[in-house]
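Working notes, beginning with the structure itself.
The values are calculated or read from the model by the stated rules, or taken from the named source; none is laboratory data. Just so it is clear, the model here is predicted, and its values are computed rather than measured. A quick note on method: Cβ atoms are made from the backbone with ideal geometry, for glycine too, and the neighbour counts reach across all protein chains shown. Accessible surface is based on the protein model in full, side chains and every heavy atom, while ligands, DNA and RNA are left aside. Shrake-Rupley method; radii C 1.70, N 1.55, O 1.52, S 1.80 Å.
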Amino acid sequence: MSIDPTFVNGLGVLAAIVEAGNFVRAAEALGITQSGVSRAVARLEEQLGVRLFHRTSRAVALTEEGARLYEEVAPLLSGIEDAAAQATGAKARVRGRLRVNVDATFGHYVLAPQIGAFVARYPEVSLDYFVRDRMGDLDGEGFDVAVRFGEPLPSSLTCRLLFETRVITCASPEYVAKRGWPEHPRDIAHHECLLYRNPSTGRAFEWVFQRGKKIVPVAVNGRLLVNDAVSLVESCAGGYGVAQLSEFFARDLVAEGRLVQLLPEWADERFPVHAYHRSARLPPAKVRAFLDFVIELVAPSRHFGARKEARTPSRSHA
């Protein structure tokens, strides 16, 4: 089946209008007249049999049908452009709207303090930044990439291991002064422990201690269950109890003396961080740029050399 070139051209004009904000700026970006943009949209609407834009004297906005079409075709157009750049040996242009979905731990501690550097590096990128405890449906909600702590989630998406961080057990100096130092992982069962909710199950993460290949699970006791890393870290630093924390986030507090590490010889457990995106072979340039930026941020803390990509089983997203 042949594809009408005016239809493909119309899709490109649609994307340009959405990204530019109006017909005038889209015409400037495309190097055509405003009337040329209007004609391309009119042809596309006629071919599809639906209205794509609400037009007023002051602004344009996508109709429901237009928004649905844009969400579907924008990644495809970006992929085509990037593939052409790769084929010709040119550098793909990093631009467009990037929708990022991150968990609270990674979002607050890693990305939020540095996200301005990413936007400054890529002035043609507009960033939608969502912090969520669950990844949700990346495709259905129009996200380009997600970053989550934990084991790979069941998904048809491409899953990429970014880095791993040690899990360390910490308490405040004040807490240790009152309750004493544990000498063995089993001693932790007699302490007040801060529990962290697993967003996938709704229950607290189980505690394990690892030294080499030896693993000791401990049934801990605690009256406080939290669902975000900020509350966990600050409650621990405030002297409320013992917590198992990512070394990536706790190391500065340990260096400052606000926290002390307990049982350091039992801290060989690793906790992974994965990125998820839709394109298996050639993700859009904006997605590749974002992932490279994240790896730059965490490079000093990575505990492995090779990056790896995998396809996880296709089931509903967690």
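Remarks
- Among the residues here, Leu225 qualifies as open to solvent by 30 Å² or more (accessible area, probe 1.4 Å), within 30 Å of Val100 (Cα to Cα) and in a strand (DSSP E or B).
- Tabulated pairs, the range 223-241, first touching a residue at least 12 places away in the same chain (Cβ under 8 Å) and under 19 Å from Glu174 (Cα atoms), second part of a strand (DSSP E or B) and among the β-branched types (Val, Ile, Thr), C-beta under 6 angstrom, 6+ apart or interchain: Leu232/Val226
- Output for the range 55-75, where each listed residue is modelled with pLDDT of 70 or more, under 16 Å from Leu98 (Cα atoms) and not small (Gly, Ala, Ser): Tyr70, Glu71, Glu72, Val73
- Ala87 being part of a loop (DSSP other than H, G, I, E, B) and either at pLDDT below 70 or in contact with a Pro (Cβ under 6 Å, 6 or more places away or on another chain) (or both): no
- A single entry from Arg97, Arg160, Arg134, Arg166 fulfils the requirement of being within 14 Å of the chain's Cα centre (by Cα) and part of a strand (DSSP E or B): Arg160.
The rows are residues; the columns are (1) under 30 Å from Arg97 (Cα atoms); (2) at pLDDT 90 or above; (3) surrounded by 16 or more Cβ atoms within 10 Å (Cβ to Cβ).
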position: Val208; (1), (2), (3): no, yes, no
position: Ala250; (1), (2), (3): no, no, yes
position: Phe271; (1), (2), (3): no, no, yes
position: Phe290; (1), (2), (3): yes, yes, yes
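- Here Ala117 fulfils each of the conditions (1) open to solvent by less than 30 Å² (accessible area, probe 1.4 Å); (2) within 30 Å of Ala20 (Cα to Cα) apart from (1).
- Any hit, the range 158-170, residues being of a type in the set (A, V, I, L, M), over 30 Å from Ala289 (Cα atoms) and open to solvent by less than 50 Å² (accessible area, probe 1.4 Å): yes
- Selected residue (only one of Val233, Val218, Val273, Val254 is out of contact with any helix residue (DSSP H, G or I) (no Cβ under 7 Å at 6 or more places or on another chain) and of a type in the set (A, V, I, L, M, F, W, C)): Val254
- The number of residues in the range 1-45 that are part of a loop (DSSP other than H, G, I, E, B), of a type in the set (S, T, N, Q) and either within 13 Å of Gly66 (Cα to Cα) or over 34 Å from the mean Cα position of the chain (by Cα) (or both) comes to 2.
- Annotation: Phe143 fulfils all but one of (1) open to solvent by 60 Å² or more (accessible area, probe 1.4 Å); (2) assigned to a loop (DSSP other than H, G, I, E, B); (3) aromatic (Phe, Trp, Tyr); the unmet one is (1).
- Inter-residue pairs, beta-carbon under 7 Å, first within 23 Å of Ala229 (Cα to Cα) and in the range 109-132, second open to solvent by 70 Å² or more (accessible area, probe 1.4 Å) and among the aromatic types (Phe, Trp, Tyr), 6+ apart: Ile115/Tyr129
- Residue in the range 192-204 that is out of contact with any helix residue (DSSP H, G or I) (no Cβ under 8 Å at 6 or more places or on another chain), basic (Lys, Arg), surrounded by fewer than 13 Cβ atoms within 10 Å (Cβ to Cβ) and part of a strand (DSSP E or B) present: no
- Residue list for the range 23-52, filter: surrounded by fewer than 18 Cβ atoms within 10 Å (Cβ to Cβ) and in contact (Cβ under 8 Å) with a residue 24 or more places away in the chain: Arg43, Gln47
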